[in-house]
Amino acid sequence: MSHVTRCSEYEAVARLWQEHRRAIFPAGVRGADRSGIDMVLLDAETAGCVSTWLGNDGSLGVRGHRILLHCTARLDQILPVLNESPGDRLLAARGFRKALTLRYSRLSLADVDATVLTEIIERPHPGYRLVSWQGTVPDGLAQTFAASRRAMDDMPMDDTDYGIVTWDVDRVRAAAKAVEQRGDHLHTVVAIDTSNESIAGFTELVIPGNGTGDGQHYGTGVLPEHRGHGLGRWMKAESIRQALGHYPDLGGLLTDTADSNTHMRHINDGLGYTPTHTTHQHQLDLQQRTDGPERGITPPGPSMLSIHALEDAP
């Protein structure tokens with residue numbers, strides 16, 4: 001290890017150690033036993049290893065290394081349990097399964113670098129061009145826009161299954177009308193395949209009627225045969241630029257993405273969206289109860305019960 005690297009590592013550990021010492025021990029695990037592990041003892045032993053390493057100028061010794069390896073093994077065992085909220089444990093005990101984790105993020109429009117945004121938008125995408133509209137889709141694009149909605153059919157949604165929604169022209173117009181009737185503004189940006197003038201992908205953004213507060217992304221999708229060309233990022237960047245230009249009093253843009261949708265999360269991160277909170281959707285299969293006096297009986301009505309649980313912001 002070079003001297004520069006070693007010094008940087010030591011300084012980083014020293015800084016983290018001071019932050020740890022100032023932090024309050026979480027009340028929820030004070031004196032608690034998780035998976036047979038005493039949390040206070042684990043904290044003390046790990047802290048002792050760090051303190052020794054710092055005090056010995058980055059050296060821990062054979063015995064210290066043995067203790068640290070033991071602590072690391074127990075941390076690997078306990079972290080998945082600590083990441084579960086009391087609500088998660090309660091629902092699991094009642095037969096619910098965690099079906100979907102949604103990551104919520106926000107883009108502060110005041111922090112957007114317009115120069116970087118313009119560079120993304122003006123970067124050539126051979127074979128495609130951007131088109132946008134406000135409100136209901138223009139008649140000339142209505143049919144291809146309805147057909148492009150299948151881009152959302154394979155959107156990663158963890159273990160949930162809402163089936164496939166069939167879209168036609170009447171349905172896309174009705175959705176736009178619903179946004180208009182509540183007084184909000186629907187903005188749509190699409191990528192057009194110039195070889196046949198069909199829509200290859202789209203992104204939708206809804207802005208509050210008074211142009212203040214935060215807008216909400218409704219969905220971004222690219223048809224499977226057009227993926228891999230950066231269209232999702234391109235369209236979303238143009239949507240952000242239009243929001244900046246049309247709504248000077250707008251504070252930010254909100255989006256939510258399934259935890260398993262790593263591609264869209266990467267796009268959001270690259271555009272400057274920052275995490276705000278996480279929700280977990282838990283589902284219970286109502287068709288075949290395995291507990292209580294009704295077990296083995298298939299009840300009438302819905303086949304699935306869903307509950308959403310909120311996790312604190314990171």
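The values are calculated or read from the model by the stated rules, or taken from the named source; none is laboratory data. The shown structure was predicted, so the numbers you read here are calculated from the model rather than taken from an experiment. Glycine also receives a Cβ, built like all others from the backbone with ideal geometry; neighbour counts cover every protein chain displayed. Note: accessible area is taken over every heavy atom of the protein model, side chains too, but ligands, DNA and RNA are not part of it. Shrake-Rupley method; radii C 1.70, N 1.55, O 1.52, S 1.80 Å.
General remarks:
- So R182, is it closer than 22 Å to H125 by Cα and open to solvent by 10 Å² or more (accessible area, probe 1.4 Å): no
- Any pair with Cβ under 7 angstrom, 6 or more apart, that starts in segment 248-272 at a residue that is of a type in the set (D, E) and ends at one that is surrounded by fewer than 20 Cβ atoms within 10 Å (Cβ to Cβ) and assigned to a loop (DSSP other than H, G, I, E, B): D249/G211; D249/T212; D259/D158
- Subset of segment 168-225 [in contact with a strand residue (DSSP E or B) (Cβ under 6 Å, 6 or more places away or on another chain) and assigned to a helix (DSSP H, G or I)]: A176, V179
So that you can scan it fast, the table gives a plain yes or no per residue for (1) on the phi > 0 side of the Ramachandran plot; (2) surrounded by 17 or more Cβ atoms within 10 Å (Cβ to Cβ):
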residue: A176; (1), (2): no, yes
residue: I192; (1), (2): no, yes
residue: S195; (1), (2): no, no
residue: S198; (1), (2): no, yes
residue: G209; (1), (2): no, no
residue: G213; (1), (2): yes, no
residue: Q216; (1), (2): no, no
residue: G230; (1), (2): yes, no
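- Condition met for P224 (open to solvent by 20 Å² or more (accessible area, probe 1.4 Å), more than 16 Å from W133 (Cβ to Cβ) and in contact (Cβ under 8 Å) with a residue 40 or more places away in the chain): yes
- Every residue from segment 39-54 that is open to solvent by 50 Å² or more (accessible area, probe 1.4 Å), touching a Gly at 6+ places or on another chain (Cβ under 9 Å) and modelled with pLDDT under 85: V40
- Residue match in segment 30-38 (condition: surrounded by 11 or more Cβ atoms within 10 Å (Cβ to Cβ) and at pLDDT 75 or above): yes
- Every residue from segment 50-77 that is polar (S, T, N, Q) and touching a Phe, Trp or Tyr at 6+ places or on another chain (Cβ under 8 Å): S51, S59
- Those residues of segment 103-154 which are surrounded by fewer than 17 Cβ atoms within 10 Å (Cβ to Cβ), more than 20 Å from G221 (Cα to Cα) and in contact with a strand residue (DSSP E or B) (Cβ under 8 Å, 6 or more places away or on another chain), in sequence order: S108, A110
- Selection from segment 55-67 of residues that are surrounded by fewer than 15 Cβ atoms within 10 Å (Cβ to Cβ) and of a type in the set (A, V, I, L, M): V62
- From L244, L250, residue being open to solvent by less than 20 Å² (accessible area, probe 1.4 Å) and of a type in the set (A, V, I, L, M): L250
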